[in-house]
Ligand SMILES: Cc1ncc(COP(=O)(O)O)c(C=O)c1O
């Protein structure tokens, strides 16, 4: 078991650790917890801004931030200001992006079951493109373009039917996936043919997305290899390689940098003679490592062989451990450089035995009730997957920059829990 102090490289880029405190964006984490309450997400503004800018630098305009990883108005605005398009997969994500002032021409519309209303809005407002996922989807989009008297730029999502090394719930390009047109059955080819023949559909290109939290660049290369003959044959204007780049959650994890990942993909496509412009849709790699979650310790209880340290959040602000068995580290922001000589299981406060945030976490043995503890790398698929289970209110989100913390999403109140309850 690793009892050394937390690996500071897991903390946001602007983090500063002293023997008596930890700051992100110049904001002391314990002070932030006192001022804004817990659970609290603290995002490193600078890190996200740099990540978005890097994605645009590497892939060029049209590269889209996958908003399912984390979306609120401030983040939508930041991604857009840094030059990114936004990938949205529901009317809700579309609505928030538009409310943030992102023009429809910078939206990429996904979804394996888009509603008529979703398609109509995308067609009438004029999006960057809509990503077609099934023959029903093609029919629905054609019908919407006819009703609107407009045409619509589209991509065809191809399922290459490959396995990648990730959790089976986050693999999206294998032969059991619900997403895209299977390449191996001829459906992808039939979809391209149908789309190309329809004057209302502006065929722009092909799309793949093979999974999320994929660490091995080799997995991408073999996924590309399985589809490159098809891409060369179709010779589209753009080829979108999806997102999915893994990030480090634990000291022992090893993830390629965004630059290395992008470089390997771009080089491989070029070497293979692909003439299309290559674009991507990164989500997790843009935001995961930019945030930490802060919790207050409410109970430390030895029960049998285990010591349970219970915090004031849990599966409602981070369902990933329960959904995917994901691992996290924990640290004590008031003493980030101290050895973590106590082994505890960090649990939430939900009425659910699976409500464990960190199994066998190490923390300094001085940790006590009332302390603020933190889990790093919670910026992706945490708040965006948050729920009100047990009617807990969802946490606030602050972003920290230049010594100031700004609330970008306020904490829910108990009245918010009654907002939709019309009795
Ligand atoms: C179509 C599509 N694009 C992009 C992404 C973003 O993936 P990630 O957050 O792993 O980069 C996803 C996530 O599953 C996706 O389904």
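The values are calculated or read from the model by the stated rules, or taken from the named source; none is laboratory data. Quick caveat, the model's predicted, so the values are computed rather than measured. Because the Cβ atoms are built from the backbone with ideal geometry, glycine has one as well, and the counts that use them run over all protein chains shown.
In this structure, does residue 307 turn out to be closer than 21 Å to residue 23 by Cα, modelled with pLDDT of 95 or more, surrounded by fewer than 23 Cβ atoms within 10 Å (Cβ to Cβ) and out of contact with any helix residue (DSSP H, G or I) (no Cβ under 6 Å at 6 or more places or on another chain)? Considered against the rule, which asks whether it is closer than 21 Å to residue 23 by Cα, modelled with pLDDT of 95 or more, surrounded by fewer than 23 Cβ atoms within 10 Å (Cβ to Cβ) and out of contact with any helix residue (DSSP H, G or I) (no Cβ under 6 Å at 6 or more places or on another chain), residue 307 comes out as no. Say whether the condition of being at pLDDT 90 or above and not in a helix (DSSP H, G or I) is met by at least one residue in the range 160-178. No, the range 160-178 has no match at all. Of all residues in the range 244-282, those satisfying the criterion of being within 12 Å of the ligand (Cβ to nearest atom), over 30 Å from residue 361 (Cβ atoms) and part of a loop (DSSP other than H, G, I, E, B) are 280, 281. Checked against the criterion of being under 30 Å from residue 208 (Cβ atoms), surrounded by 18 or more Cβ atoms within 10 Å (Cβ to Cβ), modelled with pLDDT of 95 or more and in the same structural domain as residue 35 (by TED's automatic domain parsing), the candidates 333, 321 yield just one match: 321.
Restricting the first residue to the range 298-312 and requiring it to be more than 15 Å from residue 363 (Cβ to Cβ), which pairs with a second residue that is surrounded by fewer than 16 Cβ atoms within 10 Å (Cβ to Cβ) and at pLDDT 95 or above meet a Cβ separation below 6 Å and a spacing of at least six or different chains? The qualifying pairs are 312/298.
Just to be sure before I move on: is residue 111 at positive phi and more than 25 Å from the chain's Cα centre (by Cα) in the structure I sent? Spelling it out, it is not the case that residue 111 is at positive phi and more than 25 Å from the chain's Cα centre (by Cα). The lone criterion from (1) within 30 Å of residue 412 (Cβ to Cβ); (2) in contact (Cβ under 8 Å) with a residue 40 or more places away in the chain; (3) in contact with a strand residue (DSSP E or B) (Cβ under 6 Å, 6 or more places away or on another chain) left unmet by residue 277 is number (1). Determine, yes or no, whether residue 130 is touching a strand residue (DSSP E or B) at 6+ places or on another chain (Cβ under 6 Å) and within 13 Å of the ligand (Cβ to nearest atom). So residue 130 passes the test. Scanning the range 108-137 for residues that are touching a helix residue (DSSP H, G or I) at 6+ places or on another chain (Cβ under 6 Å) and not in a loop (DSSP other than H, G, I, E, B) turns up 109, 118, 119, 120, 123, 124, 125, 130, 132.
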